[in-house]
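Following: one structure in C-alpha coordinates, then a few remarks.
The values are calculated or read from the model by the stated rules, or taken from the named source; none is laboratory data. What you see is a predicted model; the values in this text were computed from it and never measured. Here Cβ is always computed from backbone atoms with ideal geometry, including for glycine, and neighbour counts include all displayed protein chains. In case anyone asks, the SASA skips ligands and DNA or RNA and just uses the protein heavy atoms, side chains included. Shrake-Rupley method; radii C 1.70, N 1.55, O 1.52, S 1.80 Å.
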Amino acid sequence: GDLFAVKIAFAAAVAVVGLVGTFLPWTLGERAASERVLALSDTFAGGVLGGAGIIHLLSAGIDQFHAGLPHVGYPIALALAGGGFLFILLIEGVIVPGHPGHDLSPTESNLPAVQHEADLHPDNEASAAYPVVLLIVLSVHSVILGVALGAQSALSGAVIVFLAIVAHKGAAGFALGVGYERARFTHRHAFSRLAFFSVMTPLGIIAGASIGQAL
(Lines give C-alpha, C1' and ligand atoms only; values in the text may rest on other atoms or scores of the structure.)
Protein backbone atom coordinates (compact mmCIF):
# COMPACT_ATOMS: atom_id res chain seq x y z
CA GLY A 1 0.00 0.00 0.00
CA ASP A 2 2.74 2.47 0.96
CA LEU A 3 4.84 1.53 -2.07
CA PHE A 4 1.84 2.01 -4.36
CA ALA A 5 1.29 5.50 -2.93
CA VAL A 6 4.97 6.31 -3.50
CA LYS A 7 4.66 5.19 -7.11
CA ILE A 8 1.63 7.45 -7.60
CA ALA A 9 3.64 10.38 -6.22
CA PHE A 10 6.47 9.48 -8.60
CA ALA A 11 3.97 9.43 -11.48
CA ALA A 12 2.79 12.94 -10.63
CA ALA A 13 6.38 14.22 -10.38
CA VAL A 14 7.30 12.71 -13.75
CA ALA A 15 4.26 14.33 -15.38
CA VAL A 16 5.29 17.75 -14.04
CA VAL A 17 8.89 17.31 -15.22
CA GLY A 18 7.66 16.29 -18.67
CA LEU A 19 5.32 19.27 -18.99
CA VAL A 20 8.00 21.73 -17.88
CA GLY A 21 10.42 20.27 -20.42
CA THR A 22 7.93 20.59 -23.27
CA PHE A 23 7.19 24.22 -22.37
CA LEU A 24 10.82 25.43 -22.33
CA PRO A 25 11.30 25.75 -26.13
CA TRP A 26 8.66 28.47 -26.34
CA THR A 27 10.20 30.29 -23.38
CA LEU A 28 13.67 30.17 -24.92
CA GLY A 29 12.25 31.06 -28.33
CA GLU A 30 11.20 34.47 -27.05
CA ARG A 31 14.77 35.48 -26.18
CA ALA A 32 17.55 36.95 -28.31
CA ALA A 33 19.53 34.49 -30.43
CA SER A 34 16.71 32.03 -29.75
CA GLU A 35 17.50 29.73 -32.68
CA ARG A 36 21.07 29.21 -31.46
CA VAL A 37 19.87 28.58 -27.90
CA LEU A 38 17.25 26.10 -29.16
CA ALA A 39 19.78 24.31 -31.35
CA LEU A 40 22.31 23.93 -28.53
CA SER A 41 19.65 22.88 -26.03
CA ASP A 42 18.15 20.39 -28.48
CA THR A 43 21.60 18.91 -29.08
CA PHE A 44 22.12 18.60 -25.32
CA ALA A 45 18.74 16.86 -24.95
CA GLY A 46 19.67 14.44 -27.72
CA GLY A 47 22.98 13.77 -25.99
CA VAL A 48 21.20 12.95 -22.73
CA LEU A 49 18.93 10.45 -24.47
CA GLY A 50 21.76 8.98 -26.53
CA GLY A 51 23.97 8.67 -23.46
CA ALA A 52 21.24 6.87 -21.54
CA GLY A 53 20.96 4.32 -24.35
CA ILE A 54 24.64 3.78 -25.08
CA ILE A 55 26.13 4.05 -21.59
CA HIS A 56 23.37 2.47 -19.50
CA LEU A 57 21.09 0.28 -21.59
CA LEU A 58 23.48 -1.10 -24.20
CA SER A 59 25.85 -2.74 -21.72
CA ALA A 60 22.93 -4.37 -19.91
CA GLY A 61 21.54 -5.55 -23.23
CA ILE A 62 24.85 -7.15 -24.19
CA ASP A 63 24.98 -8.99 -20.85
CA GLN A 64 21.40 -10.23 -21.23
CA PHE A 65 22.00 -11.58 -24.73
CA HIS A 66 25.17 -13.33 -23.58
CA ALA A 67 23.29 -14.90 -20.67
CA GLY A 68 20.30 -15.94 -22.76
CA LEU A 69 22.25 -17.10 -25.82
CA PRO A 70 25.66 -18.19 -24.50
CA HIS A 71 26.52 -20.22 -27.61
CA VAL A 72 25.91 -17.37 -30.05
CA GLY A 73 29.12 -15.44 -30.69
CA TYR A 74 27.54 -12.80 -32.91
CA PRO A 75 27.05 -9.42 -31.08
CA ILE A 76 23.27 -9.34 -31.42
CA ALA A 77 22.77 -6.46 -29.00
CA LEU A 78 25.23 -4.25 -30.87
CA ALA A 79 23.63 -5.18 -34.20
CA LEU A 80 20.18 -4.27 -32.88
CA ALA A 81 21.49 -0.98 -31.48
CA GLY A 82 23.12 -0.11 -34.80
CA GLY A 83 19.97 -1.13 -36.68
CA GLY A 84 17.87 1.05 -34.40
CA PHE A 85 20.12 4.02 -35.01
CA LEU A 86 19.97 3.49 -38.79
CA PHE A 87 16.17 3.15 -38.60
CA ILE A 88 15.86 6.52 -36.84
CA LEU A 89 18.26 8.00 -39.40
CA LEU A 90 16.04 6.57 -42.16
CA ILE A 91 12.99 8.24 -40.64
CA GLU A 92 14.74 11.59 -40.24
CA GLY A 93 16.61 11.65 -43.56
CA VAL A 94 14.33 9.78 -45.97
CA ILE A 95 10.79 9.27 -44.66
CA VAL A 96 10.59 12.75 -43.10
CA PRO A 97 13.32 14.65 -44.96
CA GLY A 98 14.32 18.21 -44.26
CA HIS A 99 14.94 20.06 -41.01
CA PRO A 100 11.67 21.36 -39.54
CA GLY A 101 11.37 25.03 -38.87
CA HIS A 102 13.53 26.32 -41.73
CA ASP A 103 11.05 26.36 -44.60
CA LEU A 104 10.21 30.01 -43.94
CA SER A 105 12.55 32.93 -43.45
CA PRO A 106 12.50 34.66 -40.02
CA THR A 107 10.82 37.70 -41.54
CA GLU A 108 8.12 35.64 -43.23
CA SER A 109 7.49 33.44 -40.21
CA ASN A 110 6.80 36.47 -38.02
CA LEU A 111 3.93 37.66 -40.18
CA PRO A 112 0.64 37.04 -38.33
CA ALA A 113 -1.09 35.50 -41.36
CA VAL A 114 1.82 33.17 -42.07
CA GLN A 115 2.12 32.24 -38.39
CA HIS A 116 -1.60 31.46 -38.24
CA GLU A 117 -1.46 29.23 -41.29
CA ALA A 118 1.66 27.47 -40.06
CA ASP A 119 0.09 26.86 -36.65
CA LEU A 120 -3.08 25.31 -38.01
CA HIS A 121 -2.15 24.05 -41.48
CA PRO A 122 1.61 23.67 -41.86
CA ASP A 123 2.45 23.75 -45.56
CA ASN A 124 5.76 21.97 -45.17
CA GLU A 125 4.94 18.27 -44.80
CA ALA A 126 8.29 17.49 -43.21
CA SER A 127 7.81 20.18 -40.57
CA ALA A 128 4.33 18.84 -39.80
CA ALA A 129 5.28 15.17 -39.74
CA TYR A 130 8.56 15.43 -37.80
CA PRO A 131 7.04 16.24 -34.37
CA VAL A 132 4.32 13.62 -34.88
CA VAL A 133 6.91 10.89 -35.45
CA LEU A 134 8.86 12.17 -32.44
CA LEU A 135 5.68 12.16 -30.34
CA ILE A 136 4.94 8.52 -31.21
CA VAL A 137 8.49 7.30 -30.59
CA LEU A 138 8.94 9.15 -27.29
CA SER A 139 5.47 8.17 -26.04
CA VAL A 140 6.09 4.46 -26.63
CA HIS A 141 9.45 4.81 -24.90
CA SER A 142 7.77 6.63 -21.98
CA VAL A 143 5.13 3.94 -21.45
CA ILE A 144 7.78 1.19 -21.31
CA LEU A 145 9.78 3.18 -18.74
CA GLY A 146 6.66 3.78 -16.67
CA VAL A 147 5.75 0.09 -16.59
CA ALA A 148 9.32 -0.72 -15.52
CA LEU A 149 9.01 1.67 -12.58
CA GLY A 150 5.53 0.50 -11.65
CA ALA A 151 6.61 -3.15 -11.65
CA GLN A 152 9.31 -2.60 -9.02
CA SER A 153 8.63 -4.65 -5.90
CA ALA A 154 10.99 -2.76 -3.59
CA LEU A 155 11.23 0.92 -2.70
CA SER A 156 14.95 1.07 -3.45
CA GLY A 157 14.40 -0.25 -6.96
CA ALA A 158 11.53 2.16 -7.57
CA VAL A 159 13.65 5.12 -6.43
CA ILE A 160 16.54 4.13 -8.73
CA VAL A 161 14.27 3.79 -11.78
CA PHE A 162 12.46 7.03 -10.86
CA LEU A 163 15.73 8.95 -10.74
CA ALA A 164 16.76 7.47 -14.09
CA ILE A 165 13.44 8.53 -15.65
CA VAL A 166 13.50 12.05 -14.20
CA ALA A 167 17.10 12.50 -15.36
CA HIS A 168 16.03 12.40 -19.00
CA LYS A 169 12.25 12.96 -19.02
CA GLY A 170 12.72 16.72 -19.16
CA ALA A 171 15.26 16.34 -21.97
CA ALA A 172 12.87 14.16 -23.96
CA GLY A 173 10.06 16.67 -23.39
CA PHE A 174 12.32 19.50 -24.50
CA ALA A 175 13.28 17.67 -27.70
CA LEU A 176 9.59 17.11 -28.46
CA GLY A 177 8.75 20.74 -27.70
CA VAL A 178 11.52 21.94 -30.03
CA GLY A 179 10.00 19.83 -32.80
CA TYR A 180 6.60 21.47 -32.41
CA GLU A 181 8.04 24.95 -31.90
CA ARG A 182 10.08 24.67 -35.10
CA ALA A 183 7.02 23.34 -36.94
CA ARG A 184 5.41 26.74 -36.22
CA PHE A 185 2.96 25.48 -33.61
CA THR A 186 2.04 27.83 -30.79
CA HIS A 187 2.19 26.30 -27.33
CA ARG A 188 -1.58 26.52 -27.10
CA HIS A 189 -2.11 24.46 -30.25
CA ALA A 190 0.59 21.94 -29.32
CA PHE A 191 -0.45 21.60 -25.67
CA SER A 192 -2.77 18.60 -26.10
CA ARG A 193 -0.01 16.64 -27.85
CA LEU A 194 2.59 17.66 -25.28
CA ALA A 195 0.25 16.72 -22.44
CA PHE A 196 -0.33 13.34 -24.09
CA PHE A 197 3.43 12.71 -24.05
CA SER A 198 3.76 13.93 -20.46
CA VAL A 199 1.17 11.50 -19.08
CA MET A 200 2.45 8.41 -20.92
CA THR A 201 5.06 7.56 -18.26
CA PRO A 202 2.65 8.16 -15.35
CA LEU A 203 0.07 5.92 -17.05
CA GLY A 204 2.73 3.25 -17.46
CA ILE A 205 3.68 3.61 -13.79
CA ILE A 206 0.08 3.22 -12.67
CA ALA A 207 -0.47 0.25 -15.01
CA GLY A 208 2.69 -1.49 -13.79
CA ALA A 209 1.90 -0.83 -10.14
CA SER A 210 -1.70 -2.02 -10.53
CA ILE A 211 -0.62 -5.24 -12.27
CA GLY A 212 1.99 -5.79 -9.56
CA GLN A 213 -0.59 -5.41 -6.81
CA ALA A 214 -3.05 -7.72 -8.58
CA LEU A 215 -0.39 -10.42 -8.85
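A few notes on this one:
- Qualifying positions in region 130-140 - buried (at least 18 other Cβ atoms within 10 Å of the Cβ) and either under 15 Å from residue 200 (Cβ atoms) or in contact with a Leu (Cβ under 8 Å, 6 or more places away or on another chain) (or both): 131, 134, 135, 138, 139
- Test set (1) surrounded by fewer than 24 Cβ atoms within 10 Å (Cβ to Cβ); (2) farther than 17 Å from residue 16 by Cβ - residue 166 fails condition number: (2)
- Across region 146-163, the number of residues qualifying as in contact (Cβ under 8 Å) with a residue 12 or more places away in the chain and open to solvent by less than 40 Å² (accessible area, probe 1.4 Å) comes to 6.
- The residues of region 51-79 that are surrounded by 11 or more Cβ atoms within 10 Å (Cβ to Cβ), among the hydrophobic types (A, V, I, L, M, F, W, C) and part of a loop (DSSP other than H, G, I, E, B) amount to a single one, 69.
- Boolean, residue 89 is modelled with pLDDT under 75 and surrounded by fewer than 14 Cβ atoms within 10 Å (Cβ to Cβ): no
- Filter result (open to solvent by 80 Å² or more (accessible area, probe 1.4 Å) and either under 18 Å from residue 139 (Cα atoms) or outside any helix (DSSP H, G or I) (or both)) within region 180-198: 191, 193, 196
- Boolean, residue 209 is in contact with a Gly (Cβ under 9 Å, 6 or more places away or on another chain), more than 22 Å from residue 38 (Cβ to Cβ), open to solvent by less than 50 Å² (accessible area, probe 1.4 Å) and at pLDDT below 90: yes
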